[in-house]
Amino acid sequence: MNIKTKISLGLFFLFAVILIVGGISIYYLREISDDAKNIIKANYESIEYMQGMTAALDSLERDSSSMMRLKKNLNAQEGNVTELGEMEETVRLANLVNELRKGYQDSVVLEIRQSIHKINDLNLKAIIHKNAIADETAHQATIYLIIIVTICFLVSFSFILNFPGYIANPIAQLTASIKAIANRNYEERLQFNRSDEFEELAQAFNSMAEKMDEYEHSNLANLLFEKKRIETIINRMNDPVIGLDDKRHIIFANTEAIELLNKKEEELVGHYAPDVAVTNDLLRRLIQDIAIHTLGSNGSILTSPSTLEKPDKPIKIYAHGKESYFTREIIPISITPTGEKIPVSIGTVILLKNITPFKELDLAKTNFIATISHELKTPIASLQMGAKLLQDQRVGSLNDEQSRIVQTVNDETQRLMKITGELLDMAQVETGNIKLNLTSVPANDLIEQAIEAVKFQAEQRHVQLHVEVPDKPSSVQADKDKTIWVLINFLTNAVRHSPENGEVYIHCTAEKERVKFSVKDSGMGIEPKHLEKIFDRFYRVPGSDPKKGTGLGLSICKEFIEAQRGTVSVNSEMGKGSEFSFSLVQAHT
Ligand code: ADP
């Protein structure tokens, strides 16, 4: 039976109960009321008539109208005979009254009184009897009503007791099951075992859960397949790849990475990377700075700008049976959950690129350059010597045209000498053959010697050199020759790029543990797009005079300064000039 029918039946039952109780109550009320009316009409009025006749009899000798009243009450009694034996007694009373009308006799009056008393008695007994019947009826009505009310109470009580649970229990069960489904427990099923709407609901729910279960499993299979596919792709990659979650646990490492780290997969995957790094130097270097690549609490990517702008230096690792070079790339991974705006960090991928072949080629190239420059130096020096002899006219006088040609040969050999010198310096730096002679050098000495070297050039271009040094000069921990070389390079560039009659400022300031040297010119400045490449090897600002310079000067400056644990930087504004600076570790004297 369905719930709708059950509720209808329950209400119908209540309605029927109200009708039955009402009907029975009305029926018995009418019965009792009829009994009361009957008593009043049939018996109580007869008693009243008899009282009237007794009063008339009492005043019969004094009052002439008493006979009339006697007769009137008798007539009324004759019309209200209701009880058994009352008729005979009323007829006898009428005969006696007729006899009394003929003449007053005490004996007749006595008999009339006796007869009145008898009728009274009959009616009183009838009243008592009828009252007993009415009582009985009321009692019966009470019992019936009590029985019906008790039945109704029991039925309603059991209804009240059971019905809320009958409705609420399956709803509670359904709610719990929906919650289970929401928690991805698709194996949840409903079991009601009743034949109503809830059973249908349970069937519908179960079929939904079954479909979701199937979907989940098919999805899971797809996900597993895709996971496998990605794992295979990562494993097939020739470059080592390591994945970390946002708490720096290793979530995957491909075959190349495992081989490189010289660990077993199970020693890596699932472990906290800094813990593994305790026993693995390479991993320690690889996870360095990872924390600063993760997301901040407000969702912003906290990536150290210096790390991003400047790629990591190649890491030397013994791999594939030889010394290999790898560059490290750190890729922070973040996702924006659906419905949210702020990205959440889910981890980091460390990608290593094997640059050994390039490094080898580079080394071969550098060695080649070094050899060639070295080999060229001697013939160039001979050329220079030859040109010098010709210029000095030691081997005969030259005419103007010949002097001009010899001058050009001299200039060009000087330029060749400078280029080969720079190439050799660069090769020295690159091959790591740079030999530093670090001593404590007063900053002023460096500046003075550099100025001395460029003074002539500056005068020729009418460029004024201004030196601004602190009253208390500092000393730096530096290789004197190389640092002067750098300062000369900055100054030569500054003079060369300043207009005629321009000004060049040389500053020297002590900052914390460092001393900063800067050379500021009033030239045309450098466009921002060139600034970031200006320290690269062979980079020249487009449009630079091809006859002057090689694009190597600034890159060698950088290498020289960085080899001394210093830093170089440049600031430039178009139309206003450029400022090239470097800072070195202060020497404690
Ligand atoms: P080069 O030997 O060609 O001058 P550098 O490495 O010294 O090579 O300089 C690289 C480039 O930077 C050059 O092309 C030059 O135009 C530019 N440059 C260097 N210094 C300055 C400066 N003070 N003002 C403007 N441009 C400069």
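No value in this document is a laboratory result; all are computed from the given coordinates. None of these values were measured; they are calculated from a predicted model. Cβ sites come from the backbone with ideal geometry, for glycine too, and all protein chains shown count toward neighbours.
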- Enumerate by residue number the GluC sites (Glu not before Pro) in region 490-577 meeting two conditions: DSSP loop (anything except H, G, I, E, B), and at most 12 other Cβ atoms within 10 Å of the site's Cβ. 500, 513, 532
- Query: Where a ≥ b ≥ c are the square roots of the eigenvalues of the C-alpha gyration tensor, would you call region 343-501 rounded, which needs a/c under 1.5, or, failing that, prolate if a/b is larger than b/c, or oblate?
  - Reply: oblate
- Note on the structure: Taking a ≥ b ≥ c as the square roots of the Cα gyration tensor eigenvalues, with a/c under 1.5 meaning rounded and otherwise prolate when a/b beats b/c or oblate if not, region 503-580 comes out oblate
- Task: Can you tell me the relative contact order of the chain? Whole percent, Cα pairs under 8 Å, sequence separation 6 or more.
- Result: 7 percent
- Item | For the chain, calculated [θ]222 nm from helices alone, where every DSSP H run of n ≥ 4 adds -39500 (n - 2.57) | -20000 deg cm²/dmol
- Distance histogram in 10 Å bins (all Cα pairs of region 9-137, percent per bin): 12, 35, 21, 13, 9, 6, 4, 1
- Note on the structure: Going fewest to most other Cβ atoms within 10 Å around each Cβ, 282, 201, 260, 220 line up as 220, 201, 282, 260
- With Cα atoms, 0 to 90° folded angle of helix 3-38 axis to the chain main axis: 20 degrees
- Query: To the nearest 10 degrees, how steep is helix 356-391 against the longest Cα principal axis of the chain, on a 0 to 90 scale?
  - Reply: 30 degrees
- What is region 316-410's relative contact order, in percent, from Cα pairs under 8 angstrom and six or more apart in sequence? 18 percent
- Query: Under the classification rounded if a/c is under 1.5, otherwise prolate if a/b is larger than b/c and oblate if not, where does region 222-272 fall, given a ≥ b ≥ c as square roots of the Cα gyration tensor eigenvalues?
  - Reply: oblate
- Message: Using Cβ counts within 10 Å as a stand-in for footprinting exposure, how do 557, 152 rank, fewest first?
- Response: 152, 557
- How high is the relative contact order of region 449-589, in percent, with contacts defined as C-alpha pairs under 8 Å that are six or more residues apart? 28 percent
- Where the convex hull is taken over the Cα atoms of the chain, what is its projected area averaged over directions, in nm²? 64.6 nm²
- Message: Can you compute the radius of gyration and Dmax for region 317-421, using only the Cα atoms, both in Å?
- Response: 28.7, 92
- Message: Could you tell me what a quarter of the Cα convex hull surface of region 112-195 works out to, in nm² with one decimal place?
- Response: 8.3 nm²
- Cβ-defined net charge surrounding residue 577, 11 Å radius [Lys, Arg +1; Asp, Glu -1]: -2
- Least to most buried among 326, 538, by other C-beta atoms within 10 Å and fewest first, runs 538, 326
- Can you give the angle from 0 to 90° between the axis of helix 45-58 and the longest principal axis of the chain, with both taken from C-alpha atoms, to the nearest 10? 40 degrees
- Residues of region 29-65 with amide N under 15 Å of a point placed 7 Å along Cα→Cβ from residue 148: 29-32
